[in-house]
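Working notes, beginning with the structure itself.
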Amino acid sequence: MLSSLKAEEQSGQLQMVAREDIDDDDGGDLFETIDRLISQGINAGDVKKLQDAGIYTCNGLMMHTRKHLTGIKGLSEAKVDKICEAAERYQNFGYITGSTALLRRKSVVRITTGSQALDELLGGGIETLAITEAFGEFRSGKTQLAHTLCVSTQLPTHMRGGNGKVAYVDTEGTFRPDRIVPIAERFGMDPGAVLDNIIYARAYTYEHQYNLLLGLAAKMSEEPFRLLIVDSVIALFRVDFTGRGELAERQQKLAQMLSRLIKIAEEFNVAVYMTNQVVADPGGGVFISDPKKPAGGHVLAHAATIRLMFRKGKGEQRVCKVFDAPNLPEAEAISFLRQIFL
């Protein structure tokens, strides 16, 4: 793969294609911006109120309940009904045929992980319109893969990239921009340009984390993003909520966070890659020497489209197993840290 990347270099470095040059076959936009509603008789001031509330697309509008929309200051029930009716003229939110659903799946972009074995395991790479969860103990390769995806996402689609920008929400302080440089050089890309196409935010509380996700709609509606990384999704919830007395509230807030991630993936055709921690599993069985299970419980398990389990192998070997996926067989892949990181 590396030789083919080198052959595609232009002016010494690979560059992303501009948004206007992205074809629909290359995972182009699947959404209509909410500005279009003005031509349907919706007041520009009402559109501005929706944007101030973090709603920038017709698809995103229909992902909110009427209760939430009428809670926006200045929007009555009558106005909300008129706005939703106008949005439905641009996109079909009802039933479609299986053939149409299959056709829509062609917009899915699979982003290479940088490891041939891992790509084959995933059917081509990390896919858009889905949440991919990677869980495992520390030093199992989860964050390393996140760094590699920051670069590979910016490759053109014909080179198994996503031809888009990356948003990185860091809850554990593990993002290292200096590690992006050798990865970019490995793929024959300009490290400075690659870093400029990554937007990064450090989250300190679960509320801060959620607000950062809300703010992404404005950016993703204007620029060609193709990947959102949350590393890790559970860390701040385990800090901000303690004891069984707060467990129910924690799981409810976590569900809202995960719902937001699903909506981002489907609204903007981006891949969501989130890492997760593990907890001890006393009921894991007597034949397992060190039983562990992913944190977050059933709420997180149901939200993730694809669940990958990472564990350490011999030396630099890292083993990735498909733990749960709707369209992938249960299998394992062995890779080396240098394959997905250096």
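Sorted by accessible area with a 1.4 angstrom probe, largest first, how do Phe241, Phe323 fall?
Reading off the accessible areas and sorting them downward yields Phe323, Phe241.
Can you pull out the GluC sites (Glu not before Pro) in region 160-253 whose DSSP state is coil and whose Cβ has at most 11 other Cβ atoms within 10 Å?
Filter output for region 160-253: Glu222.
Excluding residues fewer than 8 places away in the same chain, name every one of the lysines whose C-alpha is closer than 25 Å to that of Lys82.
Lys48, Lys49, Lys67, Lys73, Lys263
Ratio of alpha-carbon Rg to the 2.2 N^0.38 Å globular estimate for the chain, to two decimals, please.
Rounded to two decimals, the normalised Rg is 1.03.
Which of rounded, prolate, oblate describes region 180-332, given a ≥ b ≥ c as roots of the alpha-carbon gyration tensor eigenvalues and a/c under 1.5 marking rounded, otherwise prolate only if a/b is larger than b/c?
It comes out oblate by the Cα gyration axes.
Under 5 Å between amide H atoms, partner at least 5 residues away or on a different chain: which partners does Gln317 have, H built in plane at 1.01 Å?
none
Report the extension gain between Thr174 and Lys263 in nm, rounded to one decimal, defined as 0.36 nm multiplied by the number of residues separating them, less their alpha carbon distance.
So the extension gain works out to 29.5 nm.
Roughly speaking, what is the stretch gain from Met62 to Gln252, that is 0.36 nm per residue apart minus the C-alpha to C-alpha distance, in nm to one decimal?
66.2 nm is the gain from fully extending Met62 to Gln252.
Taking all protein chains in place and a 1.4 Å probe, what share, in percent, of the accessible surface of the chain do carbon and sulfur account for?
Roughly 51 percent, rounded to a whole number.
Could you work out [θ]222 nm for the chain from helices alone, using -39500 (n - 2.57) per DSSP H run of at least four and dividing by all its residues? Round to the nearest 500 deg cm²/dmol.
Taken over the chain, the calculation gives -10500 deg cm²/dmol.
Can you compute the label reach from Asn327? Point 7 Å from Cα along the Cβ direction, backbone N cut-off under 17 Å, restricted to region 102-128.
102-113, 119-128
Only sites in a loop by DSSP and with at most 14 other Cβ atoms within 10 Å count here; which trypsin sites (Lys or Arg not before Pro) in region 118-189 make the cut?
In loop regions of region 118-189 (DSSP not H, G, I, E or B), the sparsely surrounded trypsin sites (Lys or Arg not before Pro) are Arg139.
The values are calculated or read from the model by the stated rules, or taken from the named source; none is laboratory data. Bear in mind the structure is a predicted one, so any value in this text is a computation, not a measurement. Positions of Cβ are backbone-derived with ideal geometry, glycine not excepted, and every protein chain shown enters the neighbour counts. The accessibility values were calculated without ligands, DNA or RNA, using every heavy atom of the protein model including side chains. Shrake-Rupley method; radii C 1.70, N 1.55, O 1.52, S 1.80 Å.
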